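Undergrad: Let me begin by handing over the structure; questions about it come next.
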Amino acid sequence: MKSLRFLSAEAFVSNAEFARKSLSSVAHNLFPLLFKASYLLEQGEVIHDLVKNWPLVDFNMGKLLGTTMDYQEDLSHRTCSVCLESCLTGLRDYVLHHPSPCVKRLKVVDLTGIKDVEVQFCDCKKPMGRWARTELLSKLCLELLVDLQQMQCKPCTFKISIDVLVDLFVTERNYELVMQALLQKCYCPLKICCVAFRADNLALQKFFYIIKLTDPSLLRKLEVVHNVRLEMEHLEILFNSIHFPLLMSLTLPARTFNVQRHTATDELMLTTIGEKMGEMTQLTELSLSFSILTGRIQKLLSPLKTPLKMLDVSNCSLNHDDMAYLANSFHSYHLETLDLSGHDIPDLYPSTFFKLLSHSSSVLRSLILEDCNIQDRHVNMLILGLSPCYKLQDFKFLGNPLSSEALKHLFTFLCELPMLKNVEFPVPMDCYPIGISYPIDDASLCRFDHQKYERIAEELNLILLQGNREDVKASTPLFGSYDAAVQETNEELGAYLIMSFKETLEKFTASLSKMS
């Protein structure tokens, strides 16, 4: 529902030429209202001029686009390219805008509230993802320095200092640009303040260099993923050389840890890393997927002084001791998000898993159990474990060998979870050829009876409908959930993988030639 004020704001900004000419006579407290109305209507020129003439001390995208009294719809998930580019260029021109720079009030710009989602509702259908926002902001900061040198600006202009809080996403392709912008930060009126940093497809040397430039003392979230070859010894060096006092969320790439070597050096490194993480008193989210941590979870997590709210240990080869530690640790009572994918839970440690689930049931919001060998005979036990999880919103269990009948039984129960919003379920086992083995390899994943699957999916959705749960979205994303960051940089990452494969093949061929 739109208030009369918001309807009036829409009418005002819908005529871009009139609105731009009239901004000088608009009351300062109406700028946030006009900004959201302009964003909704994708009035890029008006957005630019609103930001260029912003009269307030702060500019917080999350608050401006979020739910307000005048218009309840949250627009922060609209990463509209037209709107965001207009916003950022308007910010640059705010600094360059000549009239009375001495009375400029803006001190903080917070761009961290923007949410990247799969489906865009803006008319242009051209999203500007986190990587592109990183690139554009860096480019504008460098351009601003050049413009300030070329223009005869008033002395007050050089005293403008605006902290721009941002989530940076750096890969090989935009590394040089971002590095230069961070190096010039002290000279630029727009001060890039990185509160979240994601690195992918980046050489280790470059990662270590740029992470220091970001001012790690401000970092709340650090994601080092995929094609950054960070191993245990590198992580120890990182934690010994850089302090992250405000870090709340840490994601490490696959194979960071490998405890199979059983060396004294590895054990010492693991102890040191655990102790360093224990010094991060704000750390509540930890993702360690696809590492080998068999029997070492306690050593890594016991030094933590703050309980974890999110833990991803998918495909980490956990044993019974690891699960027993998790179930009995103080973390278990605080876990809101838990990913245990890739572990044979029903056969290896059913009782400890359900103890863990019981402890976290009052707060658990997201549970991921993909490729866990959950079979028809385990469904009743799973329902019993999930019954007290009244706050569960997200349940993903792709890759488990479940029949259509077992799924129907499970879906009937899921209707009873009051806050459930999203379910990702596997292709029923009876849609695949008889004798297929689990986990299913990528080559066989799509070789199922699609018509039969569609019929079963309709029946499952009918169960939700009959249970008055049309608010629950049920789907089967065969190759995993949507990842905005991966989607945005997939071409670069694909090219990197091809190049890596080519290099490996050349080395293999060279080795064969030497042997012959």
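Undergrad: Given the condition polar (S, T, N, Q) and over 19 Å from Tyr390 (Cα atoms), answer yes or no: does some residue in the stretch 331-338 qualify? First the steps, then the outcome.
TA: Initial filter on the stretch 331-338 (polar (S, T, N, Q)): 332, 337.
Applying the additional criterion that residues be over 19 Å from Tyr390 (Cα atoms) yields none.
No, every residue in the stretch 331-338 fails to be polar (S, T, N, Q) and over 19 Å from Tyr390 (Cα atoms).
Undergrad: Continuing with this model, one more query. Find the residue count for the stretch 339-375, including only residues that are part of a loop (DSSP other than H, G, I, E, B) and open to solvent by 20 Å² or more (accessible area, probe 1.4 Å).
TA: Total satisfying the criteria: 9.
Undergrad: Of all helices (runs of 4 or more DSSP H) completely enclosed by the stretch 376-484, which ones contain at least 1 residues that are hydrophobic (A, V, I, L, M, F, W, C), touching a helix residue (DSSP H, G or I) at 6+ places or on another chain (Cβ under 6 Å) and more than 29 Å from Lys115 (Cβ to Cβ)?
TA: Filter on the stretch 376-484 gives 379-386, 404-414, 450-466.
Undergrad: On to the next question. Condition first: closer than 19 Å to Leu462 by Cα, open to solvent by 60 Å² or more (accessible area, probe 1.4 Å), among the β-branched types (Val, Ile, Thr) and at pLDDT 95 or above. Can you find one or more residues in the stretch 410-424 that meet it?
TA: Within the stretch 410-424, one or more residues are closer than 19 Å to Leu462 by Cα, open to solvent by 60 Å² or more (accessible area, probe 1.4 Å), among the β-branched types (Val, Ile, Thr) and at pLDDT 95 or above.
Undergrad: Oh, and also: Please tell me if Leu75 is in a helix (DSSP H, G or I) and modelled with pLDDT of 95 or more.
TA: no
Undergrad: Out of the residues in the stretch 296-338 that are open to solvent by less than 40 Å² (accessible area, probe 1.4 Å), small (Gly, Ala, Ser) and assigned to a loop (DSSP other than H, G, I, E, B), which is nearest to Glu223 (Cα to Cα)?
TA: Ser314
Undergrad: Specify the residue that is nearest to Asp70 (Cα to Cα); the eligible residues are those in the stretch 35-49 that are hydrophobic (A, V, I, L, M, F, W, C) and open to solvent by 10 Å² or more (accessible area, probe 1.4 Å).
TA: Top of the filtered list is Leu40.
Undergrad: Of all residues in the stretch 186-211, which are open to solvent by less than 50 Å² (accessible area, probe 1.4 Å), under 24 Å from Phe59 (Cα atoms) and in contact with a helix residue (DSSP H, G or I) (Cβ under 8 Å, 6 or more places away or on another chain)?
TA: Cys188, Pro189, Leu190, Lys191, Ile192, Cys193, Cys194, Val195, Phe197, Arg198 - these are the residues of the stretch 186-211 that are open to solvent by less than 50 Å² (accessible area, probe 1.4 Å), under 24 Å from Phe59 (Cα atoms) and in contact with a helix residue (DSSP H, G or I) (Cβ under 8 Å, 6 or more places away or on another chain).
Undergrad: List, please: which pairs have Cβ atoms under 8 Å, are six or more places apart or on different chains, and start with a residue in the stretch 74-96 that is surrounded by fewer than 21 Cβ atoms within 10 Å (Cβ to Cβ) and end with one that is outside any helix (DSSP H, G or I) and among the acidic types (Asp, Glu)?
TA: His77/Asp116; Val82/Glu42
Undergrad: Quick one: in the stretch 1-24, of everything that is out of contact with any helix residue (DSSP H, G or I) (no Cβ under 8 Å at 6 or more places or on another chain) and within 19 Å of Met69 (Cα to Cα), which residue is least open to solvent (accessible area, probe 1.4 Å)?
TA: The selected residue is Ser3.
Undergrad: Here's another thing I want to ask about it. Could you identify the single residue in Asp430, Asp442 that is at pLDDT 95 or above and at negative phi?
TA: Unique residue meeting the criteria: Asp430.
Undergrad: Here's something else I'd like to know. Within the group His343, His334, which residue is in contact (Cβ under 8 Å) with a residue 24 or more places away in the chain and out of contact with any Cys (no Cβ under 8 Å at 6 or more places or on another chain)?
TA: His334
Undergrad: Here is a follow-up. Restrict the check to the stretch 368-375 and report whether at least one residue is more than 23 Å from Ser287 (Cβ to Cβ) and not hydroxyl-bearing (Ser, Thr, Tyr).
TA: Yes: the stretch 368-375 contains one or more residues that are more than 23 Å from Ser287 (Cβ to Cβ) and not hydroxyl-bearing (Ser, Thr, Tyr).
The values are calculated or read from the model by the stated rules, or taken from the named source; none is laboratory data. Fair warning: this is a prediction, and the values are worked out from it, not measured in the lab. In this analysis, Cβ positions are derived from the backbone assuming ideal geometry, glycine residues included, and neighbour counts consider all displayed protein chains. The protein model used for the area step is the full one, side chains on, heavy atoms only, and it has no ligands, DNA or RNA in it. Shrake-Rupley method; radii C 1.70, N 1.55, O 1.52, S 1.80 Å.
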